[in-house]
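*Asks:* Handing you a structure now.
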Protein chains: 2
Amino acid sequence: MQFDCVGFGLCASDYLCLLPEYPALDQKTELIAFAKNGGGPVPTAMVTLARLGARSAFIGKVGDDAEGRYIIDELQKEGVDTGGVRIDPESATPQAFIWIDNPSGKKTIALNRTGISAFKATELNERLICSGRILHLDGREVEPSLLAAECARKAGRTVVMDVGSLRPRIESLLSMVDYPVVSENFVLQYFGRIDHAQAAEKLLQFGCSAAVVTCGNRGCFGATKSGIIFQPAFDVNVVDTTGAGDVFHGAFIYGLLQKWELASTLRFASAVAALKCTQLGGRTGIPNLEGVESFLNTHN
Amino acid sequence: MQFDCVGFGLCASDYLCLLPEYPALDQKTELIAFAKNGGGPVPTAMVTLARLGARSAFIGKVGDDAEGRYIIDELQKEGVDTGGVRIDPESATPQAFIWIDNPSGKKTIALNRTGISAFKATELNERLICSGRILHLDGREVEPSLLAAECARKAGRTVVMDVGSLRPRIESLLSMVDYPVVSENFVLQYFGRIDHAQAAEKLLQFGCSAAVVTCGNRGCFGATKSGIIFQPAFDVNVVDTTGAGDVFHGAFIYGLLQKWELASTLRFASAVAALKCTQLGGRTGIPNLEGVESFLNTHN
């Protein structure tokens, strides 16, 4: 197999502003620090896999502009294959403006989605979609995501999906996914105010192998037919939570690739996500394998 | 005289995000519209003068980077002279991230000041400082601003200063300025909760010819020894108030250059600032002379 994981989803360039305090409307404030990073849930998961030593590829769309070239360059520097990145000459590359509150590390994201066109069915390269052991999706473009999942499943690939919020035809998507990793925000939107452990269990009804609910700095719940696991978040000095979920997904996929038990995978993914949060930017703090192992050896 | 006005101050590139509503912390939102503009109080005032047909020049510092080149290009496209822009090889160009609430047009600015170095006394070119009939300052770099004002006054030039907030040695600065144009924020910081008309009058004590207090969408007060004038703001469809003050200062200087009465100058400057607010960006909506005149002819 050419890749360990192929990811398909939205990409953007991130403008990260660390602020002394999240400001109210009609204020002026000065940044503590600034960073520009390539961003987007799936590309950041692919970068995580590359840092950990796995072979990853990204399929997505950028505009024919400096931001698009920046995104591709950043992925290539990380060793993520970008052969599947299409350039849309008609529109600009999406940008995410992120204001991070210090010291909580909580952030608000203003996304400039631009008019970038959705992937057409004819633009999806089946061979490329199936060229990894795992396919990772963000499900933001419903039709091409369904097509990609269907094609990967037919070819015997494992499908992972990051579900950050409620999307159209979510049931169809979930029924094509082996490992949904959903946010607490999605749980609230889909199930209402239910227990997160219960939500993880309910997701199994879609036929997946395991389901995970991530709950930010509280930790995550994983459900399989054998039961529920809770993994608390590691206590680190948080600077910026941007991309913490995306990095968790990448590290979770790394655990799947190693065929680890769910408990070990969740512990590993939590550690990688925690380390990411100690630096400004969605990608700056992503550790390599040695970095995670050394962290895990000193944290029980 | 080579120029009608020379301006010295901070410059930045503006990233303008028009949002459906100013978001709380820990939210995700999508932009209604995005614009990138050259920014900074003095450069935007110089662009205003250029659009109105006056000859203006900007003195300031940028980093040796793409943002710095962008700022210089934007000024040159407008016809603003950039011979006095120095490039600091040691640091990055400042950036302003601006989130605008729709439909109020109110905004919050997060400034990435970077470590860009202050102008040294030896870097100020006296000949250039005195090469305009008027010198416009933002007073943000106290020492070089004082030096520039002193040198301009000695050469018989008129000095205008935009005072957005309280600065060190403000009294020394104010005593060198012919026309201080101060914000209501400065009034609050310096005088406390006093009447804005009274604040304008008190500023005359520093020896200036006239003093102006701007009060956002309520209007402005101008004081001379002959008395106080109030100019209400024009009622327009506000999209974005970014740079409204800066544009007001540029148009105010235009009135000084024409030797108009204070009342006419304030009415003109209010109209130019109001027109600016009808479009996204600190500079996009700045009208030319014909545009202001046609607006004034239809608004009493």
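*Asks:* Per-residue HN-Hα couplings for region A:54-61, Karplus 6.51 cos²θ - 1.76 cosθ + 1.60 at θ = phi - 60°, whole Hz, x for Gly and Pro?
*Replies:* With the stated coefficients, region A:54-61 comes to 8, 8, 10, 9, 10, 10, x, 10 Hz.
*Asks:* Could you tell me, in Å, what Rg and Dmax come out for the Cα atoms of region B:78-210?
*Replies:* 16.7, 47
*Asks:* Now for a separate question. So what's the projected area for region A:184-230, the Cα convex hull averaged over all directions, in nm²? Could you put the intermediate results ahead of the total?
*Replies:* Details: hull surface 11.9 nm².
Seen from a random direction, the Cα hull of region A:184-230 projects 3.0 nm² on average.
*Asks:* Moving on to the next point. Where the centre of each part is set by its Cα atoms, how far does region B:142-156 sit from region A:45-78, in angstrom?
*Replies:* First find each Cα centre; the distance between them is then 51 Å.
*Asks:* I would also like to ask the following. Find how much the distance from A:I32 to A:M1 grows on full extension, using 0.36 nm per residue of separation minus their present alpha carbon separation; answer in nm with one decimal. Can you show the working numbers first?
*Replies:* Numbers: separation 31, 0.36 × 31 = 11.16 nm, distance 4.48 nm.
Computed gain between A:I32 and A:M1 is 6.7 nm.
*Asks:* Follow-up question, since we're still on this one. On a straight-distance basis, which aspartates and glutamates could pair with A:K28 in a cross-link, Cα separation under 17 angstrom, same-chain partners fewer than 8 positions away excluded?
*Replies:* A:D101, B:D14, B:D101, B:D138, B:D162, B:E184, B:D240, B:D246
*Asks:* Using R₀ = 45 Å, calculate the FRET efficiency as 1/(1 + (r/R₀)^6) where r is the Cβ-Cβ separation of A:D73 and B:Q198; round to 0.05.
*Replies:* Approximately 0.20, to the nearest 0.05.
*Asks:* Follow-up question, since we're still on this one. Taking springs between alpha-carbon atoms closer than 10 angstrom, which of B:T158, B:T114, B:T265 fluctuates most in the Gaussian network model of chain B?
*Replies:* B:T114
*Asks:* Over the alpha-carbon set of chain A, divide Rg by the Kirkwood Rh and report the Rg/Rh ratio to two decimals.
*Replies:* For chain A, the value is 0.94.
*Asks:* Evaluate the Kirkwood expression for the hydrodynamic radius of the protein assembly as shown, namely the inverse of the mean inverse distance over all pairs of different C-alpha atoms, and round to one decimal in Å.
*Replies:* That comes to 26.2 Å for the protein assembly as shown.
*Asks:* Near A:K259, within a Cβ-to-Cβ distance under 14 Å, what is the net charge of the other residues, with Lys and Arg +1 and Asp and Glu -1?
*Replies:* -2
*Asks:* May I ask you to evaluate 6.51 cos²θ - 1.76 cosθ + 1.60, the Karplus curve with θ = phi - 60°, for each residue of region A:146-157 and list the ³J(HN,Hα) values in order in whole Hz, giving x for glycine and proline?
*Replies:* Once θ is set to phi - 60°, the couplings for region A:146-157 become 4, 4, 5, 5, 4, 5, 5, 5, 4, 8, x, 8 Hz.
*Asks:* Of all the Cα-Cα pairs you can form in region A:71-138, what percent are over 21 Å apart?
*Replies:* 47 percent
*Asks:* Among the listed pairs A:K120/A:K276; A:K77/B:K107; A:K120/A:K154; A:K36/B:K106, which are separated by more than 31 Å between their Cα atoms?
*Replies:* Going by Cα-Cα distance, A:K120/A:K276; A:K77/B:K107 fall outside the 31 Å limit.
*Asks:* From the convex hull of the Cα coordinates of region A:1-129, what is the mean projected area in square nanometres? Show your work: numbers first, answer last.
*Replies:* Values: hull surface 36.8 nm².
That works out to 9.2 nm².
*Asks:* Among A:P180, A:P144, A:P103, whose mean-square fluctuation peaks in a Gaussian network model of chain A (Cα, cutoff 10 Å)?
*Replies:* A:P103
*Asks:* What is the antiparallel percent of DSSP beta bridges lying wholly in region A:1-131, to the nearest 5?
*Replies:* Among the beta bridges of region A:1-131, antiparallel pairing accounts for roughly 45 percent.
*Asks:* Follow-up question, since we're still on this one. Rg to Rh ratio, region B:154-205, alpha-carbon atoms and Kirkwood radius?
*Replies:* Rg/Rh: 0.98.
*Asks:* Using modelled backbone amide H atoms (1.01 Å from N, in-plane), which distant-in-sequence or interchain residues come within less than 5 Å of A:V159's amide H?
*Replies:* Under 5 Å from the amide H of A:V159 lie the amide H atoms of A:L135, A:D178, A:Y179, each far enough along the sequence or on another chain.
*Asks:* I'd like to know which of A:W260, A:G243, A:Q231 lies farthest towards the positive end of the charge dipole of region A:173-276, counting +1 on Cβ of Lys and Arg and -1 on Cβ of Asp and Glu.
*Replies:* Farthest towards the positive end: A:W260.
*Asks:* Which whole-Hz couplings ³J(HN,Hα) result when phi for each residue of region B:77-84 is put into the Karplus expression 6.51 cos²θ - 1.76 cosθ + 1.60, θ = phi - 60°, listed in order with x for Gly and Pro?
*Replies:* 4, 7, x, 7, 5, 10, x, x
*Asks:* Right, something else. Just to confirm the filter: which trypsin sites (Lys or Arg not before Pro) across region A:202-257 are DSSP coil and have at most 13 other Cβ within 10 angstrom of their Cβ?
*Replies:* A:K225
*Asks:* Find how many whole Å separate the alpha carbon centroid of region B:178-223 from the alpha carbon centroid of region A:201-275.
*Replies:* If you average the Cα positions of each part, the centres end up 58 Å apart.
*Asks:* Ok, one more. Could you tell me the relative contact order of region B:23-81? Use alpha-carbon pairs under 8 Å, at least six residues apart, and round to a whole percent. Provide the component values of the computation, followed by the final result.
*Replies:* Numbers: 38 pairs, mean separation 22.1, N = 59.
In percent, rounded to a whole number, it is 37.
*Asks:* Here's a follow-up. Using the Cα atoms of region B:170-300, I'd like the radius of gyration and the largest Cα-Cα distance, Dmax, both in angstrom.
*Replies:* Final numbers for Rg and Dmax: 14.3, 42 Å.
Quick note: the coordinates plus some simple rules give every number you see, no bench work behind them. Predicted model only: the values in this text are computed from it and were never measured. We place every Cβ from the backbone using ideal geometry, glycine too, and count neighbours over all the protein chains shown.
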